[in-house]
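Encoded as structure tokens, the structure appears first; notes follow it.
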Amino acid sequence: MADERVPPAAGHGSRPPMPWRVLTVFTAAVGLWWFVFYGAPISRAYDRPTHAARALLTTALVVPAVLAAWRLMDRRPWADLGLPAPRVAGRRLLLGAACWMLPASAGIGICLWLGWAEVASLASVAETAGVAALFVLLVFLYEALPEELVFRGYLQRNLLTVLPPWQAVAGQAVLFTLFGFLLGVAPTPDRLFVFFTFALVLGVFRVATGDIAAGVGFHLGFQTVAQLLDGEGAVFEVSGAAVFGVVALGGLPFAVGWTVMVHLYRDRLDWHTPQP
């Protein structure tokens, strides 16, 4: 998106204080996702059309809400929200996806080679490819784009106005973890830990690149493969899922992704200076 300043909205004075903006958008995000999960007139039983309906509804509700909040409450350049130009967004999205996919592939290979886990296919090669392609689109609409826009886009950028970047990253990670807990998708200590760690990595991506595109790619890779391997729509069955998840889906790609982004953007990283 173009990097023009957004003019003050007619009839509005100074913008609300940062804590109120963060609280308003966080509360609205919880409410919108709660509506998609529990309040919308969509069947709670899983099937592909239901998954698609929820994904479309999430993006249709959350993205305009965040853009409206930025326009009406923040009134700063659109680029500050973390929306890069299309040519930059494409490259960084692929970089983020590679930062997850390559180490995760290595982790999967290690787990299978050492016998820590076994993976069995539940569908034909053609069906698996079709489901994988569909999941890429649905994860983008249901999780990767709206969640990155809210947490690493709007909330982290607002926290950065008064906090050093390392504190802003930690702050949005706490909010993301609370978000998962309130919606019931992170009800246990291990799930809360995954949410918090995942959000820390994504927050580092935002600080390193200055936008949300790489985080969207990383988020997309993680959620797509995780849903193919586990959950109601899975097309694989995994034995030894605990070790498999820690090594292949989480620990290795999270550590490598963090390290790669910090190395690639080391010349622009500043962990101590807020960005008012």
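Quick notes on this one:
- Answer from L145, L202, L175, L141 - the residue that is crowded, with 24+ Cβ neighbours inside 10 Å and assigned to a helix (DSSP H, G or I): L202
- Some residue of the stretch 203-211 being among the charged types (D, E, K, R), within 25 Å of P84 (Cβ to Cβ) and touching a Gly at 6+ places or on another chain (Cβ under 9 Å): yes
- Of note, T188 satisfies the criterion of being among the hydroxyl-bearing types (S, T, Y) and modelled with pLDDT under 95.
- Condition met for A214 (crowded, with 24+ Cβ neighbours inside 10 Å, touching a Ser or Thr at 6+ places or on another chain (Cβ under 7 Å) and closer than 19 Å to L155 by Cβ): no
- Residue match in the stretch 111-134 (condition: of a type outside the set (A, V, I, L, M), buried (at least 16 other Cβ atoms within 10 Å of the Cβ) and under 17 Å from H219 (Cα atoms)): no
- When V136 is tested against the conditions (1) assigned to a helix (DSSP H, G or I); (2) β-branched (V, I, T); (3) at pLDDT below 95, the lone failure is (3).
- The residues in the stretch 55-103 that are among the polar types (S, T, N, Q) and touching a Leu at 6+ places or on another chain (Cβ under 6 Å) can be counted, and the count is 1.
- Candidate set: the stretch 185-199, residues that are touching a Phe, Trp or Tyr at 6+ places or on another chain (Cβ under 9 Å) and in contact (Cβ under 8 Å) with a residue 40 or more places away in the chain; chosen: the one farthest from P86 (Cα to Cα): T197
A quick yes/no check of all residues on (1) in contact with a Ser or Thr (Cβ under 6 Å, 6 or more places away or on another chain); (2) in contact (Cβ under 8 Å) with a residue 60 or more places away in the chain; (3) farther than 28 Å from L228 by Cβ; (4) among the aliphatic types (A, V, I, L, M):
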site	(1), (2), (3), (4)
D74	no, yes, yes, no
D80	no, yes, yes, no
C111	no, yes, no, no
L114	no, no, no, yes
E127	no, yes, no, no
E143	no, yes, no, no
P165	no, yes, yes, no
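- Qualifying residue in the stretch 90-108 (condition: within 23 Å of S239 (Cα to Cα), touching a residue at least 60 places away in the same chain (Cβ under 8 Å), among the β-branched types (V, I, T) and buried (at least 20 other Cβ atoms within 10 Å of the Cβ)): yes
- Checked against (1) on the phi < 0 side of the Ramachandran plot; (2) out of contact with any helix residue (DSSP H, G or I) (no Cβ under 6 Å at 6 or more places or on another chain); (3) at pLDDT below 95, M18 passes all but a single condition, namely (2).
- F254 passes every criterion in (1) outside any helix (DSSP H, G or I); (2) modelled with pLDDT of 90 or more apart from (1).
- Selection of the stretch 217-227 for residues being crowded, with 20+ Cβ neighbours inside 10 Å and more than 12 Å from the chain's Cα centre (by Cα) yields V225, Q227.
- Extreme residue, modelled with the lowest pLDDT, among residues of the stretch 217-251 that are in a loop (DSSP other than H, G, I, E, B) and under 19 Å from L192 (Cβ atoms): G231
- Residue ID - farthest from the chain's Cα centre (by Cα), chosen from residues in the stretch 24-36 that are surrounded by fewer than 17 Cβ atoms within 10 Å (Cβ to Cβ), under 21 Å from V174 (Cβ atoms) and in contact (Cβ under 8 Å) with a residue 24 or more places away in the chain: T24
- The set of residues in the stretch 49-64 that are small (G, A, S) and more than 17 Å from the chain's Cα centre (by Cα) comprises A52, A53.
The values are calculated or read from the model by the stated rules, or taken from the named source; none is laboratory data. Small disclaimer: the values here were computed from a predicted structure and weren't measured. A quick note on method: Cβ atoms are made from the backbone with ideal geometry, for glycine too, and the neighbour counts reach across all protein chains shown.
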